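Have a look at the structure below before the remarks.
The values are calculated or read from the model by the stated rules, or taken from the named source; none is laboratory data. Since the model is a prediction, treat every value here as computed from it, not as a measurement. All Cβ positions, even for glycine, are placed from backbone atoms using ideal geometry, and neighbour counts span all protein chains on display.
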Amino acid sequence: MFERGQRIRASLIFFFLFIFLLTLTIRLAYLQIIKSPELQEKAHSQQKRTIKIEPQRGIIYDRRMRKLAVSLSLDSLYALPREMENKEEIARRLSPVLKKTPSQILEKLNKGKNFVWLERKIPKDLAEEIKGFGISNGIGLTEESKRLYPKGTLACHLLGFAGLDDQGLEGIELLYNQYIKGAPGWLLSTRDARGRSVLSGEYRFYPPSGGYDTILTIDESIQYIAERELEKVYEEQGARSATIIVMDPKTGEILALANQPSYNLNRFKDYPPYIRRNRAITDLFEPGSALKFVTAAAALAEDVVEYEERFYCEKGALRVSKDHVVHDIKKYEWLTFPEVIEKSSNIGTIKLGQRLGPLKLYEYLRSFGFGFLTGIDLPGEVRGVLRKPRQWSGLSMAALPIGQEISVTAIQLATAASAIANGGVLMRPWVVKAIISKEGRVVKEFESIPMRRVISQETAYRLTDILKGVILRGTGTRAQVPGYEVAGKTGTAQKVDPRTGRYSQDKTVASFLGWVPADDPRILILVVVDEPKGLPYEGRMVHYGGLIAAPVFREVAQRTLHYLNVPPGKGSAGEIIRVSLSDMDPKVKEMGIEGRGKMPDLKSKSMRETFRILSNYNLKPNFIGSGRVIKQKPSPGVSLKGVKECTVWFASR
């Protein structure tokens with residue numbers, strides 16, 4: 001029995017030893033074969049220290065290669081807590097330099113992390129002071145870049161800014177971050193089990209690759225002019241906000257864009273989000289009378305109005321419903337079609353809109369870009385509000401023609417107006433011209449993009465002549481630029497009072513949009529002032545766009561034209577270009593009108609000159625070709641009794 005018991009115990013011990021060794025063998029095989037790659041990778045990562053080195057962001061230039069945003073190389077202080085032998089002593093020595101208490105520094109060091117930042121992007125003098133301490137055990141400095149905006153507030157809402165980690169957060173810095181940021185670099189070194197650097201170990205440095213440079217369409221000088229004048233009206237009027245856009249209507253290039261209030265890009269954290277918002281593309285407002293050019297353009301294009309047709313304006317009051325009466329500024333009786341726009345008659349414009357009907361009016365509003373994104377290369381743009389005709393109220397046909405019941409952005413309104421200035425073609429607004437490498441190689445180039453033709457060239461020219469009258473004789477006389485002919489439109493829109501749901505008598509949006517020179521525009525300018533306090537006019541305080549926003553246009557236009565070396569031309573402010581048939585004077589003869597009721601000689605006239613002349617005779621133009629007039633029908637001197645149209649052939653010489 002005894003021997004049998006020993007054999008059983010020996011067998012059990014052997015069995016358990018066998019199971020243990022088999023389990024150990026399987027475990028070792030699992031670790032050596034199955035888990036080997038993963039464990040090797042983990043060991044490798046524990047033996048290596050990796051420090052990310054941020055790249056230097058690319059420079060942002062204006063169109064003349066003047067720097068608007070640059071990056072400086074600064075040192076950042078980091079710590080490797082596991083390598084430190086006396087954290088308390090290090091915290092005490094760094095405390096006065098970093099202007100933090102030792103306990104604040106120790107709190108970072110005792111978080112159990114392998115790597116912590118103690119201070120990012122510190123000034124050079126502080127970096128040198130830290131180097132002078134001779135601290136090397138677990139403390140180091142690495143070079144990082146810090147974004148700097150040399151002009152401070154200039155173009156702040158357009159440029160945007162980059163954060164502490166050099167990530168673009170707003171504006172151009174955000175939208176083109178993938179190009180501007182560049183690729184980070186890395187510092188790799190070997191360390192022992194306690195996390196200390198091994199001098200004989202592997203050491204590699206992968207330098208960062210700097211970002212590409214960006215060239216904008218913005219002109220720093222024009223931006224400065226625009227910002228200075230906008231700030232003046234914003235402060236003088238105690239306005240809620242203000243916006244200005246200067247663009248080239250032929251190309252869609254934005255030459256300047258500014259908002260008030262503004263902020264300093266180098267201290268962007270000091271300003272709340274509502275100040276940093278780019279109101280030109282995010283804020284909606286009812287344009288009011290500034291939108292009447294769309295109604296006029298549609299009426300001309302659809303041939304529902306004769307040029308010299310007269311409208312009865314109800315002595316300044318038109319009842320459009322039982323409870324709603326539309327008023328004009330003055331008690332007009334009869335106004336011609338051009339005068340309806342010149343005087344900004346609500347009643348005359350409503351009657352134009354009624355002739356168009358809801359579907360046509362809606363079609364043209366959409367064609368001019370309202371209710372859609374313009375496609376400008378800036379983040380945060382909104383579409384605006386344009387309801388479909390089936391959603392219109394009983395008052396919509398009295399509201400939409402005069403710019404009510406529609407919400408737009410400043411960039412939408414400027415872009416729409418530029419289509420008139422550009423001969424009927426709507427251009428996409430844009431801000432970035434090119435992205436280039438440090439060596440000057442073009443990485444990506446942008447160009448003008450025509451969106452669509454919204455009206456014919458003939459209609460655009462005829463409407464331009466009417467809009468010149470706004471400046472010469474109408475509501476926009478304070479926008480006159482000495483020596484230049486201006487076309488434009490004023491806007492004064494009452495804001496809806498959220499408490500009552502009705503239009504406020506005190507809170508308005510005053511605006512002015514115009515282009516100059518009128519017949520060959522170099523610049524288009526839109527000025528929008530939200531809730532101005534008003535100016536005294538005829539014994540009362542008023543908020544008219546012609547009084548508040550038009551003078552800003554004049555000052556910006558005058559200085560910009562001088563800066564661009566645009567020479568003054570004939571048809572300067574103060575001269576009456578569109579002459580009525582009843583006024584026979586030397587100016588009429590200059591325009592080729594030699595007698596009443598007979599067809600003038602158009603030979604050798606330009607297309608624009610021909611438009612002016614035919615407009616005075618209320619003749620519908622049919623143009624063939626381009627260049628100068630070589631043939632016309634009716635012929636010169638023919639009686640115009642019963643004649644409605646004139647066909648003109650052009651050819652280049």
Worksheet entry | Criterion: out of contact with any Lys or Arg (no Cβ under 6 Å at 6 or more places or on another chain), in the same structural domain as THR251 (by TED's automatic domain parsing), farther than 22 Å from TYR364 by Cα and modelled with pLDDT of 95 or more - qualifying residue of ILE436, ILE471, ILE466, ILE455 | ILE471
Item to complete: Please verify whether the range 11-24 includes one or more residues that are modelled with pLDDT under 80 and either under 23 Å from LEU164 (Cβ atoms) or among the basic types (Lys, Arg) (or both).
Response: no
Worksheet item: Looking only at strands (runs of 3 or more DSSP E) that fall completely inside the range 534-653, which ones have 1 or more residues that are modelled with pLDDT under 90 and either surrounded by 16 or more Cβ atoms within 10 Å (Cβ to Cβ) or not assigned by TED's automatic domain parsing to the domain that holds THR459 (or both)?
Response: 620-624, 628-633, 645-651
Worksheet item: Which one of the conditions (1) touching a residue at least 40 places away in the same chain (Cβ under 8 Å); (2) touching a Lys or Arg at 6+ places or on another chain (Cβ under 8 Å) does GLY316 fail to meet, given that it meets all the rest?
Response: (1)
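Among the helices (runs of 4 or more DSSP H) confined wholly to the range 246-319, which include 3 or more residues that are at negative phi and of a type in the set (A, V, I, L, M, F, W, C)?
Details: elements: 273-276, 279-282, 292-301.
Qualifying helices (runs of 4 or more DSSP H): 292-301.
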Discussion item. ASP125 - would you say it is exposed (fewer than 13 other Cβ atoms within 10 Å of the Cβ) and modelled with pLDDT under 75?
Written reply: yes
Worksheet item: Which one of the conditions (1) in contact (Cβ under 8 Å) with a residue 12 or more places away in the chain; (2) part of a helix (DSSP H, G or I) does LYS331 fail to meet, given that it meets all the rest?
Response: (2)
Worksheet item: In the range 505-525, is there at least one residue being in contact (Cβ under 8 Å) with a residue 60 or more places away in the chain and surrounded by fewer than 17 Cβ atoms within 10 Å (Cβ to Cβ)?
Response: no
Worksheet entry | Positions within the range 174-211 being at pLDDT 70 or above and either among the polar types (S, T, N, Q) or touching a Lys or Arg at 6+ places or on another chain (Cβ under 8 Å) (or both), in sequence order | ASN177, GLN178, TYR179, ILE180, LYS181, GLY182, PRO184, GLY185, TRP186, SER209, GLY210, GLY211
Discussion item. Taking the condition of being under 13 Å from LEU378 (Cα atoms) and assigned to a loop (DSSP other than H, G, I, E, B), how many residues in the range 162-184 meet it?
Written reply: 3
Worksheet, complete the sentence: Of those in the range 381-414 that are of a type in the set (Ser, Thr, Tyr) and either out of contact with any strand residue (DSSP E or B) (no Cβ under 9 Å at 6 or more places or on another chain) or at pLDDT below 95 (or both), the residue nearest to SER344 (Cα to Cα) is SER396
